[in-house]
Amino acid sequence: MARILPPEEIHAPCDPSRFRFKTTKDLPPLARFVGQERALGAIDFGLNMRSLGFNIYALGENGTGKTSAVRQFIAEKAKAEPVPRDWVYVYNFRDTAEPVAISLAPGRGIDFQQDMAELVGYLRVTIPKVFDSKEYDQQKSRIVEEFQNMQKELFGAFEEQAEGWGFKVHRAVNGYNIVAVNAQGEPIKEEEYETFDEQRKNDMRVHGKQIQERLEDVVRVMKEEDKKTKRALADLERTAALSVLGRGIEDMRRKHEDNEKVKLYLDEVREDVLTNLDDFKGGGEPQPPPQMPFLKIPKPEPDFQRYSVNVIVNNLGAEGAPVVFESNPTYFNLFGRVEHKLQMGAAVTDFTMIRGGALHKANGGFLVLQAIDLLRNMFSYDALKRAVRQEEVRIEDVAEQYRLVSTAVLKPEPIPLKVKIVLIGNPELYYMLYNLDEDYRELFKVKADFDHRIERTDDTMDHYARFVATKTQEEGLLPFDPDGVAKVVDFGVRLAEDQEKLSTKFSDISNLLREAHYWASKEKADAVSGSHVKKALRAKIHRNSLVEDRMRDLTAEGSFIVETGGELAGQVNGLAVYDAGDHSFGKASRITATVYVGRGGVLNIERQTKMSGKIHEKAVLILSNWLGRMFAARAPISLTASLTFEQLYGMIEGDSATCAELYALLSAISGAPIRQGIAITGSMDQNGTVQPIGGVNQKIEGFFDLCALRGLDGSHGVIIPSRNRRNLMLKEEVVEAVRSGKFRIHEIDRIEEGIPILTGLPAGEAGADGAYPEGTFYRKVADRLDALRKAAKGAEGEKEKESGEDDGGGCGSCGVTGPPA
């Protein structure tokens, strides 16, 4: 039933007297997030689920507090969780290309690093002292002296035996030479040897062979003794080194008694130190190269880097589980990297240059990422899924697979991963991933859907007040009085576009609080009142409404033709919303219709020019079908009609102009003029039921501003769907104009209810015979359609007659009338 809405139904303000505080300074901060029970319950469920794949995607419109809610929930959850273990990388003595990852108790990573550094420093000082000590020299001298005495004794006996048989042993570069000598001890020459008899020659040959065999035995024994001596010296060195090394290693082993991997590493360190004791003894004198005796090259400094400990996760002093918000989730920021440094023009690296990523820091806790940022970074999304699925994080060089030539790289041991991942993003990304990526559905099973609106109740309005209190305290803003909070609630209702809802776009509300604080501070007020909030809203609109003001001025001066007075047939003012990004506003558009004889039906000029979207094309088809349902029950409709938005220079989409287009078409058919001071918005179905539309506040206010600019005289108003009544939260200027009778807002449920408002004629209701009563609007439409039908039929008869006169040439022999073959 059509009716004019009273002022109290087009604006539902919050009553400041319902608040029981002087200023928001008296209110406690908001402990929980306002509303969003569904989303918060999903987050709580996802955070407490331990099974694989129950990671969370928090979705909702921008500004609905997704990030704040996630941050608050995770912070509370993380406090109750245990502090995760530290992780370090150490040198792999078996395979230098694969550094070993070791897990340590929280905070022990730095201790282990310092202990190893102190151990190496201690050994570098004490080991040289041990080898320079008097005890060590005495033991070493004793071993060497024993070997020398044994060597002297053994070789002396051999030489004595050789001399008894007339031979002498001489040392040579390659060993020993045996020489036969005469009684004077001189080597026997060939001439002298020839003077010997055969017996003596034979004795010399036999004795020479025996001496040679004896020499070989002596050399063999001496080599064995030499090896024993070297082993004894090596054992002496190990024993001497272990006297200081053993204590340090054992002390560290006791500190890590429950960590088998640390103890294994310490054993390998001990063996490596004992194997490379020369590194700890100190560098010797510089030795010149053989070719350049004048140049002395210092001995290279020993490398003790292999005994370092690289701490990549340090939870020293941490309380609860880690919470990491990674704002730039590149592959390396997530998974870590192996850095390089330039030496002599070449890039070199080692295990101490391994750097952890966000996954390492969040291991054992929570990692929060913006979904759009994750997807924008190459490799990150696929690698993250792989890490979650395999429950381990690897540090890899992703560019390796794209190189033509393979290079040597470090492959650090992967670290076990236990992390809860929360993605934050808009609904479009969520549904795209859900529908296109099967892995996503398995790994992100929890959907936390944030609504942009909540119910308007006493509790939620109190929560709004506490949100204002919390934000003002956090940011040092002036407190708000009850009137100021009430205006903030009104703004929330306006954002929600529903008198029974409140918006949860707290980013917009927070900006309003800051701007209202600015204006209150300029006035040196003690608290922010409703006037400051209204001033902030007006100032923001003024900053962003240049396009709206320019278009309104063009309309007022007549460049954009929109009539706001008088009556015209076939023309109506439709209402549309323009979104400039930071500001949306309503604008009246002139919709015209023409009707003439023909069978073309209703033509949508925007469609013909490819300026119409699919929803608008559907709306025109619905309009045509309603026309046939109402007026073609007994005879077909024969007409050609056109509909268009005049001075439209862009695409049109949506169905909110369906009612306006129908009224323009019916007016053009009937000839009944439409009041131009009334604008229309609303969709419709094939049965004539008026359906709700969006942006109703902006549409009404846009037409109101134009009419107010030209002068309100009581003839102006708008027609809206009755189902949009609850969406009304109009500005005070409109409310005052409605209260004074200068502007009217009509609501309708059916198409016929708007006809008396626009034309002053009753719509009419068909009788049992299908005819409409005289003097009704529908009767005018039906009569005109009947006239068009007859005119079209008459035109077709004339055309057939003219066609028959032209067909005079026949063929009598075949009896067929028509043109010659």
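The values are calculated or read from the model by the stated rules, or taken from the named source; none is laboratory data. Please read these numbers as outputs of a predicted model, since none were measured by experiment. Using ideal geometry, Cβ is built from the backbone for each residue, glycine included, and neighbour counts are taken over all protein chains shown. Heads up: the accessible areas ignore ligands, DNA and RNA and are worked out on the full protein's heavy atoms, side chains in. Shrake-Rupley method; radii C 1.70, N 1.55, O 1.52, S 1.80 Å.
Report the charge-dipole magnitude of region 515-638 in Debye, nearest 20, computed about the Cα centre from +1 at each Lys and Arg Cβ and -1 at each Asp and Glu Cβ.
400
³J(HN,Hα) across region 768-776 via Karplus (A = 6.51, B = -1.76, C = 1.60, θ = phi - 60°), whole Hz, x for Gly/Pro?
Karplus values, whole Hz, x for Gly and Pro: 5, 8, x, 8, 9, x, 5, x, 9.
To the nearest 500 deg cm²/dmol, what mean residue ellipticity at 222 nm is calculated for the chain from DSSP H runs of n ≥ 4 alone, each contributing -39,500 (n - 2.57), summed and divided by the residues?
-15000 deg cm²/dmol
Quantify, in whole percent, the carbon and sulfur part of the accessible surface of region 32-106 (1.4 Å probe; protein heavy atoms only).
C and S fraction of accessible area: 50 percent.
Using alpha-carbon positions, what is the distance between the centroids of region 421-469 and region 724-756, in Å?
Using only Cα atoms to place each centre, the spacing works out to 35 Å.
Between region 371-396 and region 1-45, what is the C-alpha centre distance in whole Å?
If you average the Cα positions of each part, the centres end up 41 Å apart.
Amide H neighbours of Cys14 under 5 Å, counting only residues 5+ apart in sequence or on other chains, H built in-plane at 1.01 Å?
Asp490
For region 612-689, which trypsin sites (Lys or Arg not before Pro) are in a loop by DSSP, counting at most 14 other Cβ atoms within 10 Å?
On the way: sites: Lys614, Lys618, Arg629, Arg634, Arg675; in loops: Arg634.
Passing sites in region 612-689 are Arg634.
Taking a temperature of 20 °C and a viscosity of 1.002 mPa s, what whole-number D in µm²/s does Stokes-Einstein yield for the chain with Rh from Kirkwood over alpha carbon pairs?
58
Please give the helix 134-164 orientation as an angle from the longest Cα principal axis of the chain, in degrees from 0 to 90, rounded to the nearest 10.
Tilt relative to the chain: about 50 degrees.
With every protein chain left in place, what is the accessible area per residue of the chain in square angstrom, probe 1.4 Å?
Result: 52 Å² per residue.
Restricting to Cα pairs below 8 Å that are 6+ residues apart, what does the relative contact order work out to for region 547-592? Please round to a whole percent.
34
Where both partners of a DSSP beta bridge lie in the chain, what percent of those bridges are antiparallel, to the nearest 5?
Among the beta bridges of the chain, antiparallel pairing accounts for roughly 60 percent.
Mind checking the angle between helix 427-436 and the chain's longest principal axis? C-alpha axes, 0 to 90 degrees, to the nearest 10.
Orientation of helix 427-436: about 60 degrees from the principal axis.
What is the ratio of the Cα radius of gyration of region 683-785 to 2.2 N^0.38 Å, where N is its residue count, to two decimals?
For region 683-785, the normalised Cα radius of gyration comes out at 1.27.
For the chain, find the longest principal axis of its Cα atoms and tell me its angle to the long axis of helix 458-475, 0 to 90°, nearest 10.
The angle comes out at about 50 degrees.
Using the Kirkwood radius over C-alpha pairs as Rh, can you work out the diffusion coefficient of region 474-609 via Stokes-Einstein at 25 °C, viscosity 0.890 mPa s, in µm² per second?
132
Dividing the Cα radius of gyration by the Kirkwood radius, what Rg/Rh value follows for region 624-716?
Rounded to two decimals, Rg/Rh equals 1.00.
How high is the FRET efficiency between Lys524 and Val547 when r is their beta carbon distance and R₀ equals 45 Å, given to the nearest 0.05?
That pair, Lys524 with Val547, gives E of 0.85.
Count neighbours as other Cβ atoms within 10 Å of each site's Cβ, and list the GluC sites (Glu not before Pro) in region 340-436 that are DSSP loop with at most 16 such neighbours.
Glu391
Taking 7 Å along the Cα-to-C-beta vector as the label spot, tell me the Lys793-Ile188 distance in nanometres, rounded to one decimal.
If labels sit at Lys793 and Ile188, their model points lie 15.8 nm apart.
Explain nothing, just compute: Karplus ³J(HN,Hα) = 6.51 cos²θ - 1.76 cosθ + 1.60, θ = phi - 60°, for every residue of region 259-276 in order, whole Hz, x for Gly and Pro.
So the J values, rounded to whole Hz, are 10, 5, 5, 5, 5, 4, 5, 5, 4, 5, 4, 4, 5, 5, 5, 5, 6, 10.
Between region 548-574 and region 57-135, how many Å separate their Cα centres?
About 72 Å separates the Cα centre of region 548-574 from the one of region 57-135.
Please list the non-local residues whose amide H lies under 5 Å from the amide H of Leu728, H modeled 1.01 Å from N, same-chain partners needing a gap of 5 or more.
Sorted by chain and number, the residues that satisfy this are Gln499.
For the pairs Lys168/Lys227; Lys445/Lys471; Lys22/Lys79, note any where the Cα-Cα span goes beyond 30 Å.
Lys445/Lys471; Lys22/Lys79
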